[in-house]
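No value in this document is a laboratory result; all are computed from the given coordinates. These figures come from a predicted structure and were not determined experimentally. In this analysis, Cβ positions are derived from the backbone assuming ideal geometry, glycine residues included, and neighbour counts consider all displayed protein chains.
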């Protein structure tokens, strides 16, 4: 069941869906089925990379003014980072990305 079919959507989800609809961005169900697993994962990884930048910028502005949103943004940032790491791992496993791509996700001591 997608968010479009669910009658229990939250106001935040409704706003996000409306924003996507206004920008004429197609819903993933409209194009993802045509992608190979490798291409779909690469798309997911590219979206996660963009989201890290968006959330990092939002987190920086929230940190300047202490309020209750910072933990929420931190959790979202951690979730997107996990998505990026997981999709990178899957792409390496499928042979789409080289092993070095996964190695680059791990900080090296003293580097």
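Take the Cα of residue 35, go 7 Å toward its beta carbon, and the backbone nitrogen atoms of the range 86-100 under 18 Å from that spot belong to 86-98. As a calculated quantity, the FRET efficiency between residue 81 and residue 10 at R0 = 25 Å, using C-beta atoms, amounts to about 0.60.
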